[in-house]
Amino acid sequence: MKGQFLILGAVLLCSLFFIGLPPSRPLAESPAGDMGYLAANLEKEFPHALNLGLSEGDPRGIMENFTGWVRDVAGSLLVDFSSFWMFSEPDPASGNVTIVLGNYMGTGMNVDVDLGGNRRNVFVADGDSESVTFPSVGPEYVLDVMFGSDARSFTWQRDKVSVFLLLQLERGGNIIRKEAEA
Amino acid sequence: MGLQIIKRDTMRGFLYMIEAIIAGVILIGFLLFIGSGYPAAQSYDPGTMGYSILHDLDRQGILRDYVAENNASGLDSRISLFGYGHSVLICGQSGACQGTVPDAGDVWVGNYLVSGKDDYQPRLVKIYMWRL
């Protein structure tokens, strides 16, 4: 039985060495295949597009253009892309805040926007955007939005541009839905 | 007397056999333990490898500069991929592209959308990969 004790000892020593190593990590990871990467890419790129739009003085036009382009590119990858986004445009001189709503969900919808009890209803056609302006807004405000069957509530700063994004990617039975706020 | 010696030798042989089996079980168990914890080449997923590479290049702040300059060959030169050939294509909103599409079978494609760097210039970056 002496030989087996030697083998057992060698195995235990080797085990101690391997336990000390970090766990293995694959070189290429796929959280949800290419759709997962595409969703992460868009989640990062939409706020970037808005920033470029703000610096070029046309955030609404650029967001519309970017969303339409993303829809075309996603279509070429056999991904059905839909999105709803909204962002605030503060006017520090007047204290007014304009909320811009973009609907790319595949069908037109009524959107309820409530800012501190001041409620507006606006119809946004598919592939289009609309805006509502609220006068004399306090430095911090609560914005309640109902679009389609979804409702969200946000606390935003009057003098800061804020954005909410809903992105949905669908291919066959696979659906990825992401929401981001910045 | 002679019968006792034969009996003792048989017992010893039987013991050796048991010892060999125990040693084999210990060794096989150890190899299985090591093998299960450290997967090898099957972790590669060429279908998403391109996406992963482009994501990493953007995270490192490399991608956007090349895309803004429409420099597909420059971006391609920043990619090193063992065992795979690769080429990069940068396409503008109009559909005009810079770079090369490989003339090879079994090609994997990874895509990455970029809205711009300092100006709004939406571009689609494609990386093509094939086994060498």
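Please work out which residue is surrounded by the fewest Cβ atoms within 10 Å (Cβ to Cβ), limiting yourself to the range B:108-121 and to residues that are within 15 Å of A:LEU77 (Cβ to Cβ) and without any contact (Cβ under 8 Å) to a residue 60 or more places away in the chain.
Checking each candidate, the answer is B:VAL109.
More than 9 Å from chain A (Cβ to nearest Cβ), buried (at least 17 other Cβ atoms within 10 Å of the Cβ) and either part of a strand (DSSP E or B) or within 15 Å of the chain's Cα centre (by Cα) (or both), is that true of B:VAL67?
Working: more than 9 Å from chain A (Cβ to nearest Cβ): yes; buried (at least 17 other Cβ atoms within 10 Å of the Cβ): yes; either part of a strand (DSSP E or B) or within 15 Å of the chain's Cα centre (by Cα) (or both): no.
No.
Is one or more of the residues making up the range B:75-85 within 14 Å of another protein chain (Cβ to nearest Cβ) and under 21 Å from A:GLU43 (Cβ atoms)? Please lay out each step first, then the result.
Residues of the range B:75-85 that are within 14 Å of another protein chain (Cβ to nearest Cβ), as a first pass: B:79-84.
Cutting the leftovers down to under 21 Å from A:GLU43 (Cβ atoms) gives us none.
No, there is no match, as no residue in the range B:75-85 is within 14 Å of another protein chain (Cβ to nearest Cβ) and under 21 Å from A:GLU43 (Cβ atoms).
Among the listed residues A:GLU89, A:GLU45, A:GLU56, which satisfies the condition of being modelled with pLDDT of 90 or more, among the acidic types (Asp, Glu) and surrounded by 19 or more Cβ atoms within 10 Å (Cβ to Cβ)?
A:GLU45
I'd like the full set of residues that are surrounded by fewer than 19 Cβ atoms within 10 Å (Cβ to Cβ) and either of a type in the set (D, E, K, R) or not in a helix (DSSP H, G or I) (or both), limited to the range A:67-85.
Passing the criteria: A:ARG71, A:ASP72, A:LEU77, A:LEU78, A:ASP80.
Give the range A:96-116 a look and list any residue that's assigned to a strand (DSSP E or B) and among the β-branched types (Val, Ile, Thr), or say none.
A:VAL97, A:THR98, A:ILE99, A:VAL100, A:VAL111, A:VAL113
Would you be able to say whether some residue in the range B:112-126 is modelled with pLDDT of 90 or more, touching a strand residue (DSSP E or B) at 6+ places or on another chain (Cβ under 8 Å), farther than 24 Å from A:HIS48 by Cα and more than 10 Å from chain A (Cβ to nearest Cβ)?
Checked the range B:112-126: no residue is modelled with pLDDT of 90 or more, touching a strand residue (DSSP E or B) at 6+ places or on another chain (Cβ under 8 Å), farther than 24 Å from A:HIS48 by Cα and more than 10 Å from chain A (Cβ to nearest Cβ).
The values are calculated or read from the model by the stated rules, or taken from the named source; none is laboratory data. As the structure is a computational prediction, the values presented were derived from the model and not from experiment. No Cβ is skipped: glycine too gets one built from the backbone with ideal geometry, and neighbour counts run over all protein chains shown.
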